[in-house]
1. Among the residues of segment 116-145, write down those that are exposed (fewer than 15 other Cβ atoms within 10 Å of the Cβ) and in a helix (DSSP H, G or I).
2. Kindly evaluate residue 140 against the criterion of being touching a residue at least 60 places away in the same chain (Cβ under 8 Å) and closer than 30 Å to residue 84 by Cβ.
3. Just name the residue that is nearest to residue 119 (Cα to Cα) out of those in segment 89-109 that are without any contact (Cβ under 8 Å) to a residue 12 or more places away in the chain, part of a loop (DSSP other than H, G, I, E, B) and under 26 Å from the mean Cα position of the chain (by Cα).
4. Check segment 116-130 and report whether any residue there is touching a residue at least 24 places away in the same chain (Cβ under 8 Å), over 17 Å from residue 145 (Cβ atoms) and within 21 Å of the chain's Cα centre (by Cα).
5. Can you tell me which residue among 168, 203, 182, 196 is within 30 Å of residue 76 (Cα to Cα), without any contact (Cβ under 8 Å) to a residue 24 or more places away in the chain and in a helix (DSSP H, G or I)?
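Since every read-out is calculated from the coordinates, none of them should be taken as a lab result. Model, not experiment: these values are computed from the prediction. Every residue, glycine as well, gets a Cβ built from its backbone with ideal geometry; the counts of neighbours run over all protein chains shown.
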């Protein structure tokens with residue numbers, strides 16, 4: 001149980017100052033009373049129905065109830081989480097998102113039993129008239145987007161690496177081929193020079209034979 005009268009009131013006041021929840025008149029006493037009771041089962045979480053489909057290597061399409069959004073990525077550099085969310089037109093905020101639940105959880109003393117902490121968060125959400133399932137759905141959508149981006153980035157980067165490796169093999173083969181051609185040409189050049197040298201000496205000796213006579 002949460003001891004100390006007005007502790008939940010202080011927590012709610014802190015959230016209000018952080019603009020995490022709207023001020024709810026006459027709800028603090030009710031929340032404190034509910035928190036002191038045994039934890040109830042956590043409401044069923046409805047899984048997001050968002051589906052993500054990969055298109056071209058430089059584009060992704062999010063299929064949702066909203067119109068399709070084509071997302072452009074610069075895969076020549078890493079992207080921050082904020083940039084990833086922005087690319088998918090997802091708000092990067094602590095307000096009315098799954099991160100607000102995280103703030104609620106972190107604001108509670110860690111030495112409280114898990115069930116008490118969970119129920120406390122549920123009571124705060126109820127008092128602030130926040131849609132719990134909407135926050136969970138936001139989190140599921142973010143996970144889906146992050147996983148989609150991560151898989152796409154992984155595949156695209158590995159494909160690029162494989163392309164570089166294939167190019168290195170091609171260039172090494174080309175280099176080896178040129179080395180063989182160079183060696184062959186050098187051998188031909190040496191043989192040709194010997195042929196020319198031999199013929200030159202033979203003719204020169206004939207001419208010199210007559211020029212050096214008496």
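1. Looking only at segment 116-145, we keep the residues that are exposed (fewer than 15 other Cβ atoms within 10 Å of the Cβ), and these are 129, 131, 133-134, 143.
Matches in segment 116-145: 133, 134, 143.
2. Working: touching a residue at least 60 places away in the same chain (Cβ under 8 Å): yes; closer than 30 Å to residue 84 by Cβ: yes.
It is true that residue 140 is touching a residue at least 60 places away in the same chain (Cβ under 8 Å) and closer than 30 Å to residue 84 by Cβ.
3. Kept after step one, since they are without any contact (Cβ under 8 Å) to a residue 12 or more places away in the chain, are these residues of segment 89-109: 91-93, 99, 102, 106, 109.
Going one step further and asking which of them are part of a loop (DSSP other than H, G, I, E, B), we end up with 91-93, 109.
Okay, now just the ones that are also under 26 Å from the mean Cα position of the chain (by Cα), so 91-93.
Working: 91: 27, 92: 26, 93: 24 Å.
Filtering first and then ranking leaves 93.
4. Within segment 116-130, none of the residues are touching a residue at least 24 places away in the same chain (Cβ under 8 Å), over 17 Å from residue 145 (Cβ atoms) and within 21 Å of the chain's Cα centre (by Cα).
5. Working: 203 fails: within 30 Å of residue 76 (Cα to Cα); 182 fails: within 30 Å of residue 76 (Cα to Cα); 196 fails: within 30 Å of residue 76 (Cα to Cα).
Result: 168 is the single residue among 168, 203, 182, 196 that is within 30 Å of residue 76 (Cα to Cα), without any contact (Cβ under 8 Å) to a residue 24 or more places away in the chain and in a helix (DSSP H, G or I).
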